[in-house]
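J.: The following block contains the structure, expressed as structure tokens.
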Amino acid sequence: MIRRIWQSAMIRLAHSPGMTRFMQGSRAGSLLSRKYVAGKNPEEAIETASDLLSVQGIRSSLFYLGEYVDSQELVDLNIKNKLAIAEALGTTDFDIHVSVDPTQIGHSVDPSKVPENAHRSATTIKQLTGNRSGVNCMMIDMEDDSVVDATIRLHDQLKQEGFPVALTLQAYLKRTTTDLQRQIEAGSKVRLVKGAFVGESDIAYTNQPDIKANYYRLVEQMLSERSKEAGFYPVIATHDDKIHRFVIDKAAEAGWQQGEYEFEMLLGVRTDVAKSLAESGERVRVYVPFGRDWWPYAVRRIGENPRNALLLTRSLFS
Ligand code: FDA
């Protein structure tokens, strides 16, 4: 209950234009941005990705910040940065792995333009990928429940057209069992998260034990025999080490080799856990956000754990 209230409050702060201007325009919060964000430009993000890979063997998914944008100018800027980051990754040995939110590329401005905008990033990634090895794709993030249908349609259309895409699904939504099964049958790549949003009880699990229990059920679905046969690629995106252990055991039981699935975590969260997974031979990726528009993203991370209240207070007064 406390967590739900805390999370809802932080989501409201994430959507507050006044707070966003204040935090991003002053030194307040620099502690937060340093913890969760890899700097302001693609060069700094690539440097972080390079350190993660060379020091810890951890791969990255790069994400240019700027969600829920409501002007064409910002949509254009987001697309320009998505393309720049894909091209910059293309000059390295890293995976060309770029995360994209539908509201970054126009969902709130003109939803009919989103497929065209998504095509631009997906085409660049496809061209750059060529024959290179690794996991190269445009990973589509999932936002609040009003965008879920459109996001899945976008993913499915791009996949059908042969673009390298992957989709994020959320365990807090009751519909995910059905959505996931469809993606398994299609041999997709799916990143499973608990969900950084809250929903009403008719469509969503509203407390942590229920969300977690659903996450376990969905993991079993992802690591089923059918899923392996269909060429599905499971991405387990959580910082919950009990789930990591469950996945490792289930995967071994069902005959999945390390590298046929992966774990993904967020930059700045439980880095020790990511490191030890990588050291044990698991494929691990870290979501590396960068850009000037860091506040809505960082405050949602704060909302994921009431214990982060102290970090928020320190960042405001440091
Ligand atoms: P959970 O909250 O159960 O915590 C597990 C452990 O990790 C606890 O010990 C906890 O304290 C610690 N922990 C977790 N988050 C922390 C934090 N911020 N600070 C400190 N400790 C923390 N959501 C979404 O709706 N759409 C999306 O597209 C994505 N994309 C995405 C990509 C990746 C790679 C990840 C890892 C997560 C997302 N998310 C997301 C966010 C996700 O839905 C969820 O809100 C967070 O991952 C938190 O839930 P966990 O399952 O990690 O752990």
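J.: Ignoring everything but the protein chains, give the 1.4 Å probe accessible area of M10 in square angstrom, nearest 10.
T.: Number for this one is 10 Å².
J.: Another question about this same structure. Can you check what the net charge comes to around R175, using other residues whose Cβ is under 12 Å from the Cβ of R175 (Lys, Arg +1; Asp, Glu -1)?
T.: Values: positive: K174, R182; negative: D145, D149, D179, D202.
Summing Lys/Arg as +1 and Asp/Glu as -1 gives -2.
J.: Still on this structure, please answer the following. Hey, in the GNM for the chain with a 10 angstrom Cα cutoff, which one of A166, A186, A254 fluctuates hardest?
T.: Among A166, A186, A254, the largest GNM mean-square fluctuation belongs to A254.
J.: Ok, one more. I'd like the distance between the alpha-carbon centres of region 89-107 and region 256-318, rounded to an integer number of Å.
T.: 18
J.: Quote to one decimal, in nm, the extra length available between D93 and D149 on full extension: 0.36 nm per residue of separation minus the C-alpha distance between them.
T.: Between D93 and D149, full extension yields an extra 16.7 nm.
J.: Still on this structure, please answer the following. Provide E67, E304, E43 ordered by accessible surface of protein heavy atoms (probe 1.4 Å), highest first.
T.: I get E43, E304, E67, largest accessible area first.
J.: Additional query: Once Lys and Arg get +1 and Asp and Glu get -1 on their Cβ, which of I152, T238, Y261 lies farthest toward the positive end of the dipole of the chain?
T.: T238
J.: Build a GNM of the chain with springs between Cα atoms under 10 Å: which of I125, I152, I140 gets the top mean-square fluctuation?
T.: I152
J.: Only Lys, Arg, Asp and Glu count, each charged at its Cβ (+1, +1, -1, -1), so figure out the dipole size of region 38-293 about its Cα centre, rounded to 20 debye.
T.: Dipole of region 38-293, to the nearest 20 debye: 460 debye.
The values are calculated or read from the model by the stated rules, or taken from the named source; none is laboratory data. Just so it is clear, the structure is predicted and the values come from calculations on it, not from any experiment. Quick reminder, even Gly has a Cβ in these numbers, built from the backbone with ideal geometry, and neighbours come from all protein chains shown. Heads up: the accessible areas ignore ligands, DNA and RNA and are worked out on the full protein's heavy atoms, side chains in. Shrake-Rupley method; radii C 1.70, N 1.55, O 1.52, S 1.80 Å.
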